[in-house]
Structure formats: structure tokens, C-alpha cells
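To keep things clear, I will list the structure first and then write my remarks on it.
The values are calculated or read from the model by the stated rules, or taken from the named source; none is laboratory data. What you see is a predicted model, and the numbers here were worked out from it, not measured in a lab. Please note: Cβ atoms are built from the backbone with ideal geometry, for glycine as well, and neighbour counts cover all protein chains shown. Side chains are part of the model used for accessible areas, which takes the heavy atoms of the whole protein and leaves out ligands, DNA and RNA. Shrake-Rupley method; radii C 1.70, N 1.55, O 1.52, S 1.80 Å.
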Amino acid sequence: MFANRADCDTVNPMRHLPAIIVHGGAGADPGDAPDEIRDGIRAAVLAGWRVLADGGRGLDAVEAAVRVLEDAPRFNAGRGSVLTSTGTVETDASIMEGDQLRCGAVGAVSRIANPVTLARHVLEDGRHVLLVGDGALQFARAVGMPECDPADLVTERRRRQLDAATADIKGTVGAVALDRQGTIAAATSTGGMSGKLPGRVGDTPLIGCGTYADSALGGVSCTGTGEAIIRAVLARRALDILRDTEDPDYAAHVAVDLLVEQGRGEGGLILLDAKGRIGYAQSTIFMPVGWMTPSFHEPQVPF
Ligand code: GLY
């Protein structure tokens, strides 16, 4: 394990084997659409992997992977997000790179089909970390992001779920990648929780809670009850556990125990360490994940 980010940059900048892991959200079982979920995860892993295999940046890889899931209506992000109590879509997203700890995030955003890309613009702009609501929309217009009719993000399935008062539907999507330069990047995107109050912002855009990346340690993307993940400051704490144990899978499981015991909620997380080793865990019945490293010929999607 590298002692610090500077060592990580200087030892041998091209010696890293790339890796990516993606999740499609902790929650109930896959219901009537396991194939749709599997195909979405697979497509997201491939989109990110293509970037990494070409020598591209981890930030581009996680953005590409998350965009695929935002575009797939089965997942709770972008189009297909769960609805607020008033039947609207308000999304949260964040993205972070672990060399300089640059990060960008947006909260309670409507009219934007790919909020992870808006978060990326916040990161690249560099003045702020988190923009919300109307201010985020004004910023999206200023950077020339396409705007959509809010109704385009609402699916019939989510409308039925809201009518059925299934108010705790979780979800969220995310990705963590290690590129050939040794940079870790992480991104997370969500519609939040079904039936949430308008204006509610969850863990996803809060750096250290829903997302964190530090190239000396690893990267994390979380899913589950946002309020509980915030109480547990889950993403950063998972990396602290990883630093002490050097075992990604163990760190993921210990962090999820913290989420349940201290956060008092349910969820899961994916984790990648600075060597590209993966870990994931969840307290819910189901959390679709997929990953790819040079050891495999195709994405691993184990469900
Ligand atoms: N973890 C997503 C949310 O609660 O908003």
C-alpha cells in the first residue's frame, strides 16, 4: 500500500493495472427484470472499461459507467429516478478523483438527464464542490448542458410505485475505477428515496458520505438510506477501515455493519483499493454489482 499520494504518483506512473467496479443500488430482489438489471450493469462496466483499456482517465471511466445507468430506466438515477411526494424527479450526483481530491456534486436537480456529468462540470470548474436546486440548473445552462422536460425523466413504473406508497425504495448507481496512471475515481448518482419531500438531499452528493476517492487508499460509492449513510459518514470511513486492514472485502463488510449499527439504516457499498482489488457488501437482500480487470475477458456480473 502506498504511504501517500505523492509516492503513488512517483513510484512508477504506468505500472497500475486498471480496474472498475459498478453497482446498481441496494434494495429488494431484482423482481421481474433480472435480465434488464444484468444487461445494464454489464453495459456500464463495459463503458467504463473501454475508457480504462484505452489508457483513459478514471474520472472519464466512472462518468461513462454512471451515465449508462442514468440512461437505463430500470435504475434509480437519471431517467427512471424515484419520485418525490409531489411526483417530480429531483436527482443528486457526485464525482471525485483521488490524486488532488478534486470533487464536484449536485443536489435536488431537475431537468438534467445525466446529473453525473453536471457534477463533473462542477469538479472541472473548481470554484465550488456542491451546487443545488435552481443554482445547479443555472450552472448547467452556463456550461451548455442539455436540458430536458422534467416529465421525460418520470417513468410510469415510478408513478405506480409512488401511488402504491412504497416509500422506501432504494437504488442509486455508482462506479469506482483505477486507471493506468494510478488515479482512483468514484462517482454516484441517484433519484433518492421514493416519496421524499421536495428539496430533500441525501448522501449521494455529500463527499465523504456517498462518494470518496483517495488514490493512496482507494475509492467508494455507497447506496442505501441516505440519512443513515450521512450519520455514518460511510464512504470516508470505509477507506479508513481499508487503511487499517488492507482487505477491501473485509473493509466493505465492516463499513456496512457501521451503517446498520451506527447509521441505523440499510444499504451497501462498492470499494476499490489502490492496487485495484475489489470489495463490496450490503445489508439488503440484493445489490447488483459488476466489475472488470485485466484478469477477465468480459465483465463479471455475479447474479
Ligand atoms: N442513497 C441515496 C439516497 O438516500 O438519496
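Just name one of Leu153, Ser189, Phe286: the one whose Cα is farthest towards the positive end of the charge dipole of the chain (beta-carbon charges, Lys/Arg +1, Asp/Glu -1).
Leu153
Averaged per residue, what accessible area in Å² does the range 209-268 show with a 1.4 Å probe, protein chains only? Please report the intermediate quantities before stating the final value.
Details: 2040 Å² over 60 residues.
Normalised by residue count, the accessible surface of the range 209-268 is 34 Å².
Not counting ligands, DNA or RNA, and with a 1.4 Å probe, what is Ile285's accessible surface area in Å² rounded to the nearest 10?
140 Å²
Give the Kirkwood hydrodynamic radius (Å, one decimal) of the range 64-138, defined as one over the mean of 1/r across all pairs of different Cα atoms. Please list the in-between numbers first.
Working: mean 1/r = 0.0801 Å⁻¹.
Kirkwood radius, the range 64-138: 12.5 Å.
Using a Förster distance of 35 Å, how high is the FRET efficiency between Lys275 and Asp32, based on the Cβ-Cβ distance and rounded to 0.05?
Details: r = 39 Å, r/R0 = 1.10.
Approximately 0.35, to the nearest 0.05.
Determine, from the Cβ-Cβ distance of Ser85 and Asp134 and an R0 of 25 Å, the FRET efficiency 1/(1 + (r/R0)^6), rounded to the nearest 0.05. Don't skip to the end; give the middle numbers.
Details: r = 19 Å, r/R0 = 0.78.
In this case the efficiency is close to 0.80.
How much of Asp163 can a 1.4 Å solvent probe reach, expressed as accessible area in Å² and rounded to 10?
Accessible area, nearest 10 Å²: 130 Å².
Tell me, what is the per residue accessible area of the range 118-206 in Å², probe radius 1.4 Å?
On the way: 3750 Å² over 89 residues.
Dividing the accessible area of the range 118-206 by its residue count gives 42 Å².
Using the Cα centre of the range 140-231 as the reference point, and only Cβ charges (+1 on K/R, -1 on D/E), how large is the resulting charge dipole? Debye, rounded to the nearest 20. Spell out each step's value before the answer.
Numbers: 10 positive and 10 negative charges, 32 e Å.
For this selection, approximately 160 debye.
Of the accessible area of the range 2-131, with the probe set at 1.4 angstrom, what percent is carbon plus sulfur? Walk me through the intermediate numbers first.
Numbers: 2420 of 4910 Å².
Result for the range 2-131: 49 percent of the exposed heavy-atom area is carbon or sulfur.
Quick check: convex hull over the Cα atoms of the range 151-283, volume per residue in Å³, rounded to an integer? Please list the in-between numbers first.
Working: hull volume 14.4 nm³, N = 133.
Spread over its residues, the Cα hull of the range 151-283 gives 109 Å³ apiece.
Let me check against my output: what whole-number percent is the relative contact order of the chain, with C-alpha pairs under 8 Å and at least 6 apart? Intermediate results must be reported in sequence, preceding the final value.
Values: 892 pairs, mean separation 76.3, N = 303.
Relative contact order of the chain: 25 percent.
Return a whole-number percent for the relative contact order of the range 116-197, with Cα pairs under 8 Å and 6 or more residues apart as the contact set. Walk me through the numbers before you get to the answer.
Details: 59 pairs, mean separation 20.3, N = 82.
Answer for the range 116-197 is 25 percent.
List the longest stretch of the chain that has no exposed loop site; here a site is one of the trypsin sites (Lys or Arg not before Pro) assigned by DSSP to anything other than H, G, I, E or B, with at most 10 other Cβ within 10 Å. Walk me through the numbers before you get to the answer.
On the way: sites that count: Arg15, Arg127.
Value returned for the longest uninterrupted segment is 128-303.
Can you give the charge dipole size of the range 17-59 about its Cα centre, rounded to the nearest 20 debye, using +1 on the beta carbon of Lys and Arg and -1 on the beta carbon of Asp and Glu?
On the way: 4 positive and 6 negative charges, 70 e Å.
For this selection, approximately 340 debye.
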